[in-house]
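Notes to accompany the following structure.
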Amino acid sequence: MSWRRFRLGTMCLVLVGMVVSVAHAQDDNQTPLALAGVAVDATGVLKMQRVVDRGWTMTRKKIAEARSTLPADISKASDLRKISLNRLEAAVKALTSRGEKPTEEMLALAGLTRVKYVFYYPDTKDIVVAGPAQGWMVDPVGRIRGIESGAPVVELQDLIVALRAYPPDGQTTSLISCSIDPTKQGLANMQAFLSRVGSQLSPNAGLQQQGQFIANGLRESLGLQNITIHGVAANTHFAQVLVEADYRMKLIGIGLEKPQVKLVSYVEFAARASSVSPNAMQRWWFVPDYACVRVSDDNLGMELVGDGVKLVGADELVTSDGNRVKSDKGDKAGDNFVKGFTEKYADLATKEPVYAQLRNLIDLSVAAAFIQDQDYYGKSGWKLGSFSDESGLAVQTLNPPKQVESAVASYVKGNRVMTPIGGGVRIEPKQALAGANLLTDEKGEVKAQREKLSLSGLGEGQWWWD
């Protein structure tokens, strides 16, 4: 396929299926704030929402309110807070059967910020998850975050979605995924625009004006891009986090969102490269690091290890009719971006909560798959109860994301046009339980940790403890 060259000096355009209004909020000291999230309107269009919290005034107020209202025992930070899933479900059912809603501590899973362990206790038939925890507050964009570290908490609604994906009846969800991609018609419209744009450019316009004219035309021709979700209900918080993480990763890649860690964008790498693929469609997507499960020799416990998330990429070509075909040419700029993003993922997750939330979703999915794989359901006689479907406790409560507007970023490099970026998130939890990926508990640490815990002192209705 040939590309029309425009009189653009050294202008090159990079496209991605995102929303362009991404000015980063700053406080009075010019410190970037991580007060960003997404909202989905009634028609299913996903857009960014940002809150300017200068001097962290609103956040500090919410933290102070949380410290004054949360009970002392639950607001205290804990290295290892334990939650019995059976007892939690029974406590939730006791409330909902009386027409009451789950408490805040139930919704926030007692402030758990990561799932580190899953244990089964044959004597009491408890299925227990455990990990670090702290008091929490709801930040100005509605994200539930720890008051000590700012890390997002693991939410009950996400736990329920994961458990339903790996239920007691043995049905297995092979893939949990989301994808944001331009439509075939949109790509064809874009190619048609490119074929005629040369004759529409004003020779007297400056470089930036010409670039903006093309950017606007490309955005309009591409139109809305489609969001596809598999494996979980699209109208859940779980699904919305998947989409937001993908969405904002691509904004970072094309330089429209500046993260709070030092991370070189794809645009910057491309600007340094001696050449870039003229019609390659970059595809980036998140996958788990599947070597993340360490199991005790008695199969009564497992530990989730590592940071758990990698960004990978691949190239495709876009033809004049909007079809996409696999490219045999690599893109070094793309390779460098996904490598750098993976290396900085842990740091990024401490600054941008959505990436910590994505990691939590992966942990929950692997934990749920492990519970099913070891038949803790059958051994405990627990069939999820009120967590099993929407009639017991509704978690499908949000507008499902269906589409997102296209966005275009431009930068100075060459005179070629680069096609849109696609990709998403792909989670295959059962892969983490495959023999080649399982880590052995050589020192017996997982088993020893399980045996340290005692459920004998739990009171009536108590479902968490330190």
field: Distance between the range 69-117 and the range 127-199 - C-alpha centres, whole angstrom
entry: 22
- request: For an R0 of 41 angstrom, estimate the FRET efficiency from the Cβ-Cβ distance between Ser391 and Trp56 and round to the nearest 0.05.
  value: 0.45
task: Could you list which residues have their amide H under 5 Å from that of Arg81, counting only those 5 or more apart in sequence or on another chain, with H placed in the peptide plane?
output: Gly131, Ala133
message: I'd like the FRET efficiency for Ala94 and Ser174, computed as 1/(1 + (r/R0)^6) with the beta carbon distance as r and R0 of 45 Å, rounded to 0.05.
response: 0.80
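No value in this document is a laboratory result; all are computed from the given coordinates. The shown structure was predicted, so the numbers you read here are calculated from the model rather than taken from an experiment. With ideal geometry, Cβ positions are generated from the backbone for all residues, glycine too; neighbour counts draw on all protein chains shown.
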